[in-house]
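Trainee: A single structure is presented below for examination.
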Amino acid sequence: MKRLSILLLVCALFVYEKVGASPFDNIPAATLEIAKQTISINKPESKIVRVGIGSNDFSSYVWKNATIYSNSQFGIYKNQTCIKIYDSAKEINISMDGNIFILKDSTGAEIARIMGPVIFKTNSGLIGIKGLKRAGKNAMYRGDIELVASSSAGQFHIVNSIDVEEYLRGVVPNEMPVHFGLEALKAQSVAARNYALAPRVKANPNYDVVDSVASQVYFGANTEKELSDKAVEQTRGVVALYDWDLILALYSSTAGGYTESYHNAFSDPKTKKFPAEIKPYLVGKPDYQIFAPLDNESAVENFYTSKLDSFDKNSSYYRWEREWTQSELQQEVQNHIAAQSAAGFVHPVVNKGQVIGKILRINILERGVSGKIMSLEIETDNGNYKVEKELVIRRLFTHKGKALPSANLVFKQEFDENGNLVKVKACGGGFGHGVGMSQYGAGYMATDLGMPYEKILQHYYTGITLGTVPFILSANSEQNQAARTFYSKNGKAYLVIDNKYKVSYLDLNVNGNNYKFHLDSKERMSRVDLSSYIQKGVNTITFYYPAESGANK
């Protein structure tokens, strides 16, 4: 009888023996022997990322018309059905009539009227969107370009459907300067891979992430660089894991010398509750343990008005200042408070057109571990307003129309002899939310301190392990095999198996060679050293659930 209830959880293929604390350190290794049966190796499944492509200024992700072209032969498809094949000289103009896509060639001749999605594919080239620029270059993309009707009639989304490793080639050099060095770029590759596979929120029902800072910057194939390509390849398949799950690998430009805990900077993406639930791997910490705790206003002021030696010191935003007269501050806050109130983090609510009273004082109510302002009070002659969350604060206290670089700051307020507020100066540090990896910090750790990317990630993400994406094998025919491709820089890897139902062995194909793992049925957890069977560089392992006849041998 086929045992559909038998499950074998292969938690992760750990590429490195240890990065921080691991729950698997004391698990004994199982044994290997060559399998007698022949197992054919299959091409591993690729994870596809769906990226929403925005306008030139990223202000919109809906299109009314577009022109698609390629630098190679390409085809137009409706699902899996090919409508027509064109050479690279052709341009296809797309518009919509209600929910129907209208496709025309460059002469205006109509090619087709079809319901979406419409997919553009090329086997050997890149696909472009005419008139769209990224980093000053024509936007060209690997993978497929898919046109999907939006929720508004006559408008559509442009989605780049692309293998995650190819996607990262267009992300890493645009998220981090390549002169930060190979190890920093590797750390960025892992963080960006995690974010693509496990974003904080799904950007849209039709795509996973967008191509701007709202997710992570992705500018396509024309912006790829040799060194960042190398970083992507030399971390191929590697993700950061905590408690058997992919972490939310947040990162920002500059933490200012002290990172912040996730829950102190973000709200729950579904309930909007602030602070959010704690993520134990996103815990705020100083660059150096000798830094004093930022647990009072004096300590925060001392920290952000001095330039201590820190990982972030090379950033132009390591320390910064902004200054307003009372009238300038009044205007900036008034101009933005209704929009920020609409986000739900200003109390009481301020509606559009509503005039707040004259600002008398700013009172800090709560700070995070990095000194980041979590909530403050704007005291006016017509009532007080409580403002929460770092991004809301940054967008409310604009300076010449621009948001503050971070909420890691102190307000120095100047009053006249009558107690009236006349001037406010913000002294701050960092750029961005400051949670997780600091990109400038990673660059310094790599180039100035010579640290490998594993250690960089270990500093910014507490208690993580590096491995491949976990997966489940079972007797079910749809889940009885899985493949993982990964890069090992030193030819070491470990397999961790949660053998809940005590299967006696597991078949593997490692780089074309077949092996059988015998598992101790008395032990639920197994940790297997694969180092004798893999190679330095890229490896592919295909895992097979054992045949029913031998599952309990």
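Trainee: Lys/Arg Cβ at +1, Asp/Glu Cβ at -1, dipole of the range 214-368 taken about the Cα centre: which of SER261, THR305, ALA214 is farthest positive-ward?
Mentor: The residue sitting farthest along the positive end of the dipole is ALA214.
Trainee: With charges set only on the Cβ (+1 for Lys and Arg, -1 for Asp and Glu), what does the dipole of the range 342-495 come to about its Cα centre, in debye to the nearest 20?
Mentor: Taking the Cα centre of the range 342-495 as origin, the dipole is about 340 debye.
Trainee: So, with +1 on the Cβ of K and R and -1 on the Cβ of D and E, and no other charges, what is the size of the charge dipole of the range 87-238 about its Cα centre, to the nearest 20 debye? The partial results should precede the final answer.
Mentor: Working: 17 positive and 18 negative charges, 49 e Å.
Here the size comes out at about 240 debye.
Trainee: If you stretched the chain out fully between GLU478 and ALA198, how much longer would it get, using 0.36 nm times the residue separation minus the C-alpha to C-alpha distance?
Mentor: Additional length available on full extension: 98.5 nm.
Trainee: Just to be sure I understand: if I project the alpha-carbon convex hull of the range 301-442 onto a plane and average over all orientations, what area do I get in nm²?
Mentor: 8.7 nm²
Trainee: For the range 153-170, what does the Karplus curve 6.51 cos²θ - 1.76 cosθ + 1.60, with θ = phi - 60°, yield as ³J(HN,Hα) per residue in whole Hz, taken in order and with x for Gly and Pro?
Mentor: Values per residue, Gly and Pro as x: 4, x, 10, 9, 9, 9, 10, 8, 9, 8, 4, 4, 5, 5, 4, 4, 4, x Hz.
Trainee: Same structure again: Straight-line reach from LYS84: which lysines have Cα under 17 Å away, leaving out those fewer than 8 places along the same chain?
Mentor: Output for LYS84: LYS104, LYS121.
Trainee: Share of the chain's accessible area from carbon and sulfur, percent, 1.4 Å?
Mentor: 47 percent
Trainee: Over the chain, with the other protein chains present, what is the accessible area per residue in square angstrom, probe 1.4 angstrom? Walk me through the numbers on the way to the answer.
Mentor: On the way: 24190 Å² over 553 residues.
Ligands and nucleic acids excluded, the figure is 44 Å² per residue.
Trainee: A further question on this structure: Full-extension gain between GLU417 and ASP448, please, as 0.36 nm times their residue separation minus the C-alpha to C-alpha distance.
Mentor: Difference between extended and current length: 6.2 nm.
Trainee: With all distinct Cα pairs included, what does the Kirkwood hydrodynamic radius of the range 351-423 come out to in Å, to one decimal, could you say?
Mentor: 13.3 Å
Trainee: With +1 on each Lys and Arg Cβ and -1 on each Asp and Glu Cβ, and nothing else charged, work out how big the dipole of the chain is about its Cα centre, in Debye to the nearest 20.
Mentor: 1120 debye
Trainee: While we're here: Taking the Cβ-Cβ separation of GLN334 and LYS502 as r and a Förster radius of 60 Å, what is the calculated FRET efficiency to the nearest 0.05? Intermediate results must be reported in sequence, preceding the final value.
Mentor: Details: r = 67 Å, r/R0 = 1.12.
FRET efficiency, GLN334 to LYS502: 0.35.
Trainee: Sticking with this structure for a sec: Please list, in order along the range 409-426, the HN-Hα scalar couplings obtained from phi with the Karplus expression 6.51 cos²θ - 1.76 cosθ + 1.60 (θ = phi - 60°), rounded to whole Hz, x for Gly and Pro.
Mentor: 7, 10, 9, 9, 10, 10, 10, 7, 5, 9, x, 8, 5, 10, 8, 10, 10, 9
Trainee: Roughly how far apart, in whole Å, are the Cα centres of the range 172-234 and the range 376-455?
Mentor: Computed from Cα coordinates, the inter-centre distance equals 26 Å.
Trainee: Something else about it: Which listed residue (GLN354, SER55, ALA342) has the Cα farthest towards the positive end of the charge dipole for the chain, taking +1 on Lys and Arg C-beta and -1 on Asp and Glu C-beta about the Cα centre?
Mentor: SER55
Trainee: Moving on. Could you give the Stokes-Einstein D for the range 365-502 in µm² per second, using the C-alpha Kirkwood radius, 37 °C, 0.692 mPa s?
Mentor: Here the translational diffusion coefficient equals 163 µm²/s.
Trainee: Whole number please: convex hull volume per residue of the Cα set in the chain, in Å³?
Mentor: Output value, Cα hull per residue: 180 Å³.
Trainee: Moving on. Once the cut-off is 21 Å, how many percent of the Cα-Cα pairs in the range 110-232 end up in the long-distance tail?
Mentor: On the way: 3137 of 7503 pairs.
The share of Cα pairs beyond 21 Å in the range 110-232 comes to 42 percent.
Trainee: Determine the gain in length on full extension of the stretch ASN56-TYR288; use 0.36 nm per residue of separation and subtract their C-alpha separation, reporting nm with one decimal.
Mentor: Using 0.36 nm per residue and subtracting the Cα-Cα distance, I get 79.5 nm.
Trainee: For the pair ILE114 and LEU365, what calculated FRET efficiency results from E = 1/(1 + (r/R0)^6), where r is the Cβ-Cβ distance and R0 = 56 Å, to the nearest 0.05? Can you show the working numbers first?
Mentor: Values: r = 56 Å, r/R0 = 1.00.
Given R0 = 56 Å and the Cβ-Cβ separation, E is 0.50.
Trainee: Based on the alpha carbon coordinates of the range 218-271, what radius of gyration and maximum Cα-Cα distance (Dmax) apply, in Å?
Mentor: 15.5, 42
Trainee: If you don't mind, another one. Quote the FRET efficiency, to the nearest 0.05, computed for LYS307 versus LYS400 with a Förster distance R0 of 22 Å and r equal to the Cβ-Cβ distance.
Mentor: 0.35
Trainee: If you take the charge dipole of the chain about its Cα centre, with +1 on Lys and Arg Cβ and -1 on Asp and Glu Cβ, which of TYR440, ILE145, ILE83 is farthest toward its positive end?
Mentor: Looking along the dipole axis, the top candidate is ILE83.
Trainee: If you don't mind, there's one more thing I want to ask. Which residues does a label at SER152 reach in the range 201-216, if reach means a backbone N under 17 Å from a point 7 Å past the Cα toward the Cβ?
Mentor: Correct set: 204-206.
The values are calculated or read from the model by the stated rules, or taken from the named source; none is laboratory data. For clarity, every value in this text was computed on a predicted model and none was experimentally measured. As a convention, Cβ positions derive from the backbone with ideal geometry for all residues, glycine included, and neighbour counts pool all protein chains shown. The area values use the complete protein model at the heavy-atom level, side chains included, leaving out ligands, DNA and RNA. Shrake-Rupley method; radii C 1.70, N 1.55, O 1.52, S 1.80 Å.
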